[in-house]
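One structure below.
Please treat every number below as a calculation from the coordinates, not as lab data. Every value quoted in this text rests on a predicted model; they were computed, and no experiment measured them. So basically every Cβ, Gly included, is an ideal-geometry build from the backbone, and we count neighbours across all protein chains shown.
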Amino acid sequence: MAQTLGLELLPAGGPRRFTYAELKLATGDFSKAIGRGGFGDVYRGELPDKRVVAVKCLKNVAGGDAEFWAEVTIIARMHHLNLVRLWGFCAEKGQRILVYEYVPNGSLDRYLFPAVDGKKPMLDWGVRYRIALGVARSIAYLHEECLEWVLHCDIKPENILLGEDFCPKISDFGLAKLRKKEDMVSMSRIRGTRGYMAPEWIKSDPITPKADVYSFGMVLLEIVTGSRNFEMQGSLMDSEDWYFPRWAFEKVFKESKVEDILDRQVKHCYDKKVHFEMVDRMVKTAMWCLQDKPEMRPSMGKVAKMLEGTVEIIEPTKPTIFFLQE
């Protein structure tokens, strides 16, 4: 009966344990790659009940079967609308594989940054705002509401997947817990992705949830501008001391030209009467997230409230390039 209803896939008391042979069959011998990342490669698979899944083969993972199962069970019990659902795992023959729900619309970077041919699917302002708010709420859940709080350590558009109706879902959360301890040491100063890493990673300061807040601020600014934080259009970006958040801050708060930073692709849809307050909240919130001192940044719970408009946002301090200050 459970099999008929597909309930054996749901982590009620824990995630389902798949055999390597089952996943090999489901993925056509791991032939349908749909993504590659620092933690491993992802393949599209189809289970015998026709359910489509994303199968992630992990690299450099800690512990034996029992330890791996214990950590995976914690991840599988994290339930939030805006987190990718973990259904099961495989730990056999030295393999460490996770089985996730399949999220149909791919990752956010495909919608924000121009493809090779210059075309990208369009996201209107309302959808962008909903994506930002959903991501903020899910990180707040990881930081503040889970029984075991989790740092993501790699918030970026590639790790934000878009489901039906462009509902955002964060992937790769909790994977930092599965890394080998020696790997954690060797990675500790380079955890994350260039352009999204908080200053404390480089300065060897203690890492707290505020590191994720910084990364989210950078993503939030990219959602507004439609540009990579380290690949902006125009020649003034070539100087060594150019800094994306500072450029956006000066445009919005010094020159009062919010239109100058908006994604060109949806600029024509921007209606000041309708969208100003929403975009203004997104930019102000991003600026608070991007403060170089962690204690200046709000918690993710407060960030979500700032985006919702349920708390007042005072004018932010200009973000600085931390290493030029010292």
Just to be sure I understand the model, the point goes 7 Å from the Cα along the line to the Cβ. What's the resulting CYS167 to ALA70 distance in nm? 3.3
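Quick check: residue separation of LYS257 and LYS50 times 0.36 nm, minus the Cα distance between them. What number comes out in nm?
Value of the extension gain: 69.4 nm.
Rounded, prolate or oblate: which fits the stretch 2-101 when a ≥ b ≥ c are the square roots of the eigenvalues of the alpha-carbon gyration tensor, with rounded for a/c under 1.5 and prolate only if a/b beats b/c?
Cα axes put the stretch 2-101 in the rounded bin.
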Taking 8 Å as the Cα distance limit and 6 or more residues as the minimum spacing, I'd like the relative contact order of the stretch 27-151 as a percentage. 18
Can you compute 3J(HN,Hα) from phi for each residue in the stretch 302-315, using the Karplus curve 6.51 cos²θ - 1.76 cosθ + 1.60 with θ = phi - 60°, rounded to whole Hz and x for Gly and Pro? 5, 4, 4, 5, 4, 5, 5, x, 8, 10, 6, 10, 6, 4
ILE321 paired with GLU92, simple spin-label distance in nm, labels 7 Å along Cα-to-beta-carbon: 5.3
Set the Förster distance to 41 Å, then compute FRET efficiency between ASP29 and ASP124 from the Cβ-Cβ distance, nearest 0.05. 0.50
How high is the FRET efficiency between CYS269 and ARG194 when r is their beta carbon distance and R₀ equals 41 Å, given to the nearest 0.05? 0.85
Quick calc, MET278 & THR208: beta-carbon distance into FRET formula, R0 25 Å, rounding 0.05, result 0.30
